[in-house]
Every structure is written in structure tokens, then in C-alpha cells.
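Remarks on the structure that follows.
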Amino acid sequence: MGISERRLRQKEEVRSSILATAWQIVKEEGWQALSIRKIADAIEYSVPVVYDHFVNKECILLEFAREGFCLLARKMQQAKGKHADPAQQLKAMADAYWNFAFKNKEYYQVMFNLGIPCSEADDCSCLPEKISFRSLVSDSITTILVKNKRTDISVCMKSHTFWSVIHGLISIKMMRTSDVSDDLNKMVMDDAIEGFIKNLA
């Protein structure tokens, strides 16, 4: 292995160590505890070494958001693949989304900037990884609308409605501003998705 290859490998190893350490801090202490200084101290490197790999903390957050959207899209794709009927696909994807959010709370928080103290957070809205999970929903909605010959309904609007219902309920529960039980919250989501699908007919 040449010198350049070795340096590249070492740089990638340090970068991976930074991300792994940052994630461990988040899992143990929450997003509010994450800082460049804390990461540097944990991996026993100087602060400038961390800045060599990530311009600021927001770049680390964006990396985790990207990972989260990839994982979410994969879970939704798997759920969708279990059904041929587009209505059942939407229900399965709603469940997959719901389960992902509460089983991967830290990812979900950084993906949608929920309760993260970060004044300069990068915009995740245009990440290709985020767009991919939207297209999964749009495809199923389009199939239903074409089947029902509904040319008066916007796929874009309905896709956003689908996401808004689920995300809204998750956010309310996740930010602990709801006195509604987990079971009832899930029942509300199921009922909303059922009504959503009926409105596509």
C-alpha cells in the first residue's frame, strides 16, 4: 500500500471514529450534549483534527440526517414490497414510518430538527435520501388515482398530506406535549390513513 493510500485510509478511519463517537454521545446524553470539543476529547484528538473532517457540528448533524433518511427509505421500501395493492402499500409504509420514528428517535430528531439546539442547522429538505422516501409514497398514490381516474387530485399535495398526518402525530408525541397514550395515538394515525386512502377513490 502506497503512502497516499495509507493516508486516505487513515483519514477515513478518523472520520468514522468521529461519527461513531458523536453517535455514542447522542445515544447516551442526547443531542444537546454534542459538541466538537466533546468529540475531540472522547477520541483523544485535538479540536482542529475534527474540523479537518467536518467544518462544523452542523455537518455532522447532516451526515446523521442522511443516514436516517436512507434507513427510513429502506424500511418503507421493504414494507411496500410486501404488498401488491397500493392501498395496502400506503398502510404498510405508514406503519413502517411510525415504527422507524420511535425505534430510531435520535435519527428522527436530527432528520427533522426536533428539539435539537442548533441555530445554523443545514437544510435537509433537498437531500436525495429524503426525496427517495417521498417517491415511494407518491408512486402508490399515483397508482390509486390512475385506477380511479381521478385527474382532479394533486399527487404532490396528497403525498405531503400523507406525510404531514404521520409526522404531525409523531412530533406531538415525541416532543412530549401530548397526554394521549401511545396506543390511542397509533389508532388516530391508522384512522387518518384509512380516511386518506378513501379520499383517493
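The values are calculated or read from the model by the stated rules, or taken from the named source; none is laboratory data. Bear in mind that the values here come from a model prediction, so they are computed numbers and not experimental data. Positions of Cβ are backbone-derived with ideal geometry, glycine not excepted, and every protein chain shown enters the neighbour counts. For accessibility, only protein heavy atoms count, side chains too; no ligands or nucleic acids. Shrake-Rupley method; radii C 1.70, N 1.55, O 1.52, S 1.80 Å.
Side notes on the structure shown:
- R66 fulfils the conditions (1) assigned to a helix (DSSP H, G or I); (2) modelled with pLDDT under 95; (3) open to solvent by less than 30 Å² (accessible area, probe 1.4 Å) except for a single criterion, (3).
- Residues in region 170-189 that are modelled with pLDDT of 90 or more and in contact with a helix residue (DSSP H, G or I) (Cβ under 8 Å, 6 or more places away or on another chain) were compared, and the one that is surrounded by the fewest Cβ atoms within 10 Å (Cβ to Cβ) is V188.
- Qualifying residue in region 18-28 (condition: exposed (fewer than 14 other Cβ atoms within 10 Å of the Cβ), among the charged types (D, E, K, R) and in a helix (DSSP H, G or I)): yes
So that you can scan it fast, the table gives a plain yes or no per residue for (1) at pLDDT 95 or above; (2) acidic (D, E):
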{"site": "K82", "(1), (2)": "yes, no"}
{"site": "D95", "(1), (2)": "yes, yes"}
{"site": "P117", "(1), (2)": "no, no"}
{"site": "S135", "(1), (2)": "no, no"}
{"site": "G168", "(1), (2)": "no, no"}
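- H83 meets all of the listed conditions (1) exposed (fewer than 15 other Cβ atoms within 10 Å of the Cβ); (2) farther than 22 Å from Y108 by Cα but one, namely (1).
- For region 29-46, the set of residues classified as open to solvent by less than 30 Å² (accessible area, probe 1.4 Å) and assigned to a helix (DSSP H, G or I) consists of W31, A33, I36, I39, A40, I43, listed by residue number.
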